[in-house]
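Accompanying notes for the structure given below.
The values are calculated or read from the model by the stated rules, or taken from the named source; none is laboratory data. Since the model is a prediction, treat every value here as computed from it, not as a measurement. Because the Cβ atoms are built from the backbone with ideal geometry, glycine has one as well, and the counts that use them run over all protein chains shown. What goes into the accessible areas is simple: the full protein's heavy atoms, side chains included, and nothing from ligands, DNA or RNA. Shrake-Rupley method; radii C 1.70, N 1.55, O 1.52, S 1.80 Å.
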Amino acid sequence: MIGKESTAGRATKFTFLGLWLVFTVFPLYWITITSLKAPGDIFAFPIAYWPEHFSLENYSGLFGKADFGVYLTNSLIVAFVAGAVATAISMLSAYVLARFEFRTKSALLMAALVTQMIPTFIALGPLYLLMTDLNLVDNRLGLILVYVAVCIPFCTVMLRGFFENIPDALEEAAMIDGLSRFGALFRVLLPVMRPGIVAAFIFNFVNCWNELFLSVTLMNSDSNKTVPTALNGFISSFNIDWGSMSAAAVLTILPTMLLFAFASRHIVQGLTAGAVKG
């Protein structure tokens, strides 16, 4: 009886997982297939789940008419620089919060968490006025600075968990051997924290890569727009260019998928290390 229940339980589990896999993967499959259809075949009836003829017309149109290469370049620059700078600043602030005791420590941690509960669009108006006064509207540097400010709070809390998992004795031993506090941080602690730093950077990169509201608000000219803004541009009042949007979506997803594929080991190690206090 137990064996039958166990078999039934496994069958139920695998059935549920199979249905969840189909539910998760099918949108990606459909976007990819749509991007490879000729524009005239996208609305053909009956629906073709596997087209007879594949076409790259949607992709060629992206780079020939919409300057999608410019949008990809802007997104890569903005996401990489903002992710790297936010990770570096968060690393230093997380070290202070993990290793030192001071009066406003709890208040700073609470403030960092509270900021994650505030919807971004609430601050769009004041932020736009501030960036206008600083002459940073429609400027990649301005968008990078905003993204850095947005990413720092949560990334700081995240990296603080990694620092707390590293024994103080490791740092103290390095300082006894003659290293300064900064020397111990950069030569001893950071190599140990590499999985956590990689996980934090990828978290920041993906957030900046996918962000839409701030980019739409602060970027006006085509030469400075990012990929999410370009995707939003395929939707007009009376029409949606499904072919171009699907091709753009595929090209938008690929960098993050490759990033996760090559760094998956560091991500798993980092998230696991940050979740369990040693």
With all protein chains in place and a 1.4 Å probe, D67 shows an accessible area in Å² (nearest 10) of 80 Å²
To the nearest 20 debye, what is the magnitude of the charge dipole of the chain about its Cα centre, counting +1 on the Cβ of each Lys and Arg and -1 on the Cβ of each Asp and Glu?
680 debye
With unit charges on the beta carbon (Lys/Arg positive, Asp/Glu negative), name the residue among T87, P51, S244 whose Cα is farthest towards the positive pole of the charge dipole of the chain.
T87
Tally Lys and Arg at +1 and Asp and Glu at -1 over the other residues with C-beta under 11 Å from the C-beta of G183: what net charge comes out?
0
Gyration tensor verdict on the stretch 130-255 (Cα atoms; rounded if a/c is under 1.5, prolate if a/b is larger than b/c, oblate otherwise)
prolate
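For S223 and L17 in the same chain, what is the full-extension length gain: residue separation times 0.36 nm, less their Cα-Cα distance, in nm? Walk me through the intermediate numbers first.
Working: separation 206, 0.36 × 206 = 74.16 nm, distance 4.38 nm.
Value of the extension gain: 69.8 nm.
For the stretch 87-184, rounded, prolate or oblate, judged on the Cα gyration tensor with a ≥ b ≥ c (square roots of eigenvalues), a/c < 1.5 rounded, else prolate if a/b > b/c? Walk me through the intermediate numbers first.
Numbers: a/c = 3.35, a/b = 2.07, b/c = 1.62.
It is prolate, given that a/c is not under 1.5 and a/b is the larger ratio.
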Largest fluctuation, M117, M257, M175 only, Gaussian network model of the chain with Cα springs under 10 angstrom, belongs to M117
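At 1.4 Å probe size, with every protein chain present, just tell me what the per residue accessible area of the chain comes to in Å². Please list the in-between numbers first.
Working: 16480 Å² over 278 residues.
It amounts to 59 Å² per residue over the chain.
About the Cα centre, and with charges only on the beta carbon of Lys, Arg (+1) and Asp, Glu (-1), how big is the dipole of the stretch 1-122? Nearest 20 debye, please. Walk me through the numbers before you get to the answer.
Numbers: 8 positive and 6 negative charges, 126 e Å.
The dipole of the stretch 1-122 has a size of about 600 debye.
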Quick tally, 1.4 Å probe accessible area for R181, R160, sorted with the most first, runs R181, R160
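Among the complete DSSP H segments of the chain, which ones combine at least 27 Å of alpha-carbon extent along their axis with a mean Kyte-Doolittle hydropathy of 0.5 or more? Don't skip to the end; give the middle numbers.
Values: long enough: 2-35 (49 Å, 0.72); 68-99 (46 Å, 1.57); 140-164 (35 Å, 1.65); 242-275 (42 Å, 1.15).
In the chain, the long hydrophobic H runs are 2-35, 68-99, 140-164, 242-275.
For the chain, what class follows from the C-alpha gyration tensor (a ≥ b ≥ c being the square roots of its eigenvalues): rounded when a/c is under 1.5, otherwise prolate if a/b is larger than b/c, else oblate? Let's see the in-between values first.
Working: a/c = 2.36, a/b = 1.34, b/c = 1.77.
Oblate.
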